1. With the requirement that a residue be outside any loop (DSSP other than H, G, I, E, B) and farther than 17 Å from residue 315 by Cα, what does the range 259-281 give you?
2. Would you confirm whether or not the range 441-456 contains a residue that is surrounded by 20 or more Cβ atoms within 10 Å (Cβ to Cβ), within 30 Å of residue 277 (Cα to Cα) and under 17 Å from the mean Cα position of the chain (by Cα)?
3. Can you tell me how many residues in the range 44-87 are over 28 Å from residue 124 (Cβ atoms) and under 26 Å from the mean Cα position of the chain (by Cα)?
4. Can you tell me which residue within the range 11-23, out of those that are among the basic types (Lys, Arg) and away from ligand 2 (no atom under 15 Å from the Cβ), is nearest to residue 82 (Cα to Cα)?
5. Restricting attention to the range 382-414, report how many residues are crowded, with 22+ Cβ neighbours inside 10 Å, free of Cβ contacts under 8 Å to residues at least 40 places away in the same chain and touching a helix residue (DSSP H, G or I) at 6+ places or on another chain (Cβ under 6 Å).
6. Within the range 318-341, which residues are under 16 Å from residue 453 (Cα atoms) and at pLDDT below 90?
7. Of everything in the range 217-247 that's among the aromatic types (Phe, Trp, Tyr) and in a loop (DSSP other than H, G, I, E, B), which residue is modelled with the lowest pLDDT?
8. Any residue at all in the range 24-31 that is of a type outside the set (Lys, Arg), within 15 Å of ligand 2 (Cβ to nearest atom) and modelled with pLDDT of 95 or more?
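The values are calculated or read from the model by the stated rules, or taken from the named source; none is laboratory data. Note that the structure is a prediction, hence the values are computed from the model and not measured. FYI the Cβ positions are ideal-geometry reconstructions off the backbone, even for glycines, and counts take in every protein chain you see.
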Amino acid sequence: MNSPIIEMRSIVKNFGDVKAVRGASFDLRQGEIHSLIGENGAGKSTMMKLLYGMYDRDGGDISVGGAQMGRITPKLAIEKGVGMVHQEFMLVPELTVLENIILGFEPRKGMVLDLPKARAMVQRYIDQYDMDVQMNKRVNQISVGEAQRVEIIKILSRGANVLILDEPTAVLTPQEASHLFEILENLRRDGKSIVFISHRLNEVMEISDRVTVMRRGETIGTLSRGEWDYGKLARMMIGREVFLNVDKKASEPGKPVLQVEHLWTSGEKEISKIRDLSMEVRAGEIVGIAGIDGNGQSELIEAITGLRRVEKGRILLDGTDVTNGSPEAVRRAGLAHIPEDRNLRGLNRSMSIEDNMVATKLREFTKGGMMDRSAIRRYAEELVQRYDVRPGNPQMPTSSLSGGNAQKVVVAREVEMGAKLLVASQPTRGVDIGAIESIEAILEEVKAQGVAVLLVSADLREILSLSDRILVMYEGRITGSMPVDEANENTLGILMMGGSLEGKEEAR
Ligand SMILES: Nc1ncnc2c1ncn2[C@@H]1O[C@H](COP(=O)(O)OP(=O)(O)OP(=O)(O)O)[C@@H](O)[C@H]1O
Ligand SMILES: [Mg+2]
């Protein structure tokens, strides 16, 4: 067995009172894909940021290529061939792909930027690893998947042998994810070493040579291909059995709460325009929308929540016409919304957990023009408990929460609004399997209380296990509608690709 290119031993990192990493170890061999998994807040991102020099460690040894490292800075890490693609991309949207790649690292001829040389270099990576990247496009015009490939080329062009990818697939469609896996295979074949962080155990089992599990800042163990199965990894992660089978109660839907009638909107892309779409969600039922990302799901949600202009058609919420209402007006009419992008629209990152939690119900916590701080604290403490936000100190800024714990804060705030309609977009994206279990149970509870729930998820397992009715969206239209007991992954898959179930050409 070849000796590790990276060795991290007995690593310790504290953030104030929070012991983020306590004595964890990790090693990476040349030419392997090594996954790092664990609950939200287990310390995965922190471990890798220590390797990349974004934080200073409080203890432990790190060696790179056999050489012991003292203090690491990102600059030094890059010199040593370690590169990291972060969860939030760090590209400049207004610049082209090529400009982003060479930014701060320009091959120069004398004092002049040597563009042809840079272009040739980037083209070599594109060809070598089969990347599918358009160099002349501006970053704000490319898809998330392509932006991620740009990030990968960027770190390769700086000489990375070790690539750290922190939850790269959380933002990808299934198609984009399989494209990424092909690229990772190509990189591995070329001798690169890859650290892969993900909550999706199926993809972890598919692409890894080894898997290391972290829990509460410690490493629980490392398994090699052939030694793992889903249940075993899940148990190592959360220390108990996991049951991702929701105990679903039969629904007895009441009156329609959301009614969308002959809706037309503009779209981010041609195929995502909404075209004459009608649907409804009734009280006490969960309606799931299945579809490949980019077929109008986001546009539909934006139209419902007051974020996108309706060109034609009507939207009624509990009988009130909210067509082209402001987001605030729609909320007043009874909407709660777990947004797709928790950083952009979900949370105010600079505010505390408790202030974020009461942001949508400030009036309830105001007494005589003053905020009732102690009531807010009590309320937030209760929610932090119920939704298992860790660490559970409501006064901490949400910017210090791990990705999955930030998501739990959004879910708690929206579910507790007492709304009539809950729109949940990708509610469990980026949360660990223990939290998926509890968020799904919460959605079931909300439904039992008579709330109408509209669920949009790229995860068919989630759609199938939670929904009472399933709608399939394709190119801005509803192309299928069925009760859940008539649906399965296969039939949904066919409809999502634009096929029809009778094997006939779809009428257009
Ligand atoms: N900059 C920071 N300031 C304060 N605390 C932090 C900071 N970054 C991380 N933490 C804390 O350190 C712990 C580990 O966080 P980390 O981001 O490493 O978790 P993770 O395993 O990546 O989780 P997730 O799967 O949710 O992304 C958490 O308790 C988190 O709240
Ligand atoms: Mg993380």
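1. At the first step, the residues of the range 259-281 found to be outside any loop (DSSP other than H, G, I, E, B) are 259-265, 270-272, 277-281.
Across the range 259-281, the qualifying residues are 270, 271, 272.
2. yes
3. Total meeting the criteria: 8.
4. Initial filter on the range 11-23 (among the basic types (Lys, Arg)): 13, 19, 22.
Right, trim to away from ligand 2 (no atom under 15 Å from the Cβ) and you get 19, 22.
Working: 19: 25, 22: 23 Å.
Restricting to residues being among the basic types (Lys, Arg) and away from ligand 2 (no atom under 15 Å from the Cβ), the top hit is 22.
5. 2
6. Once the filter is applied, which keeps residues that are under 16 Å from residue 453 (Cα atoms) and at pLDDT below 90, the range 318-341 yields 339, 340.
7. The initial filter retains those residues of the range 217-247 that are among the aromatic types (Phe, Trp, Tyr), namely 228, 230, 243.
Narrowing the set further to residues that are in a loop (DSSP other than H, G, I, E, B) leaves 228, 243.
Details: 228: 95, 243: 67.
Taking the candidates together, the pick is 243.
8. Filtering the range 24-31 for residues of a type outside the set (Lys, Arg) gives 24-28, 30-31.
Retained after the next criterion (residues that are within 15 Å of ligand 2 (Cβ to nearest atom)): 24, 26.
Now narrow it down to the ones that are modelled with pLDDT of 95 or more: 24, 26.
Among the residues of the range 24-31, at least one is of a type outside the set (Lys, Arg), within 15 Å of ligand 2 (Cβ to nearest atom) and modelled with pLDDT of 95 or more, which makes the answer yes.
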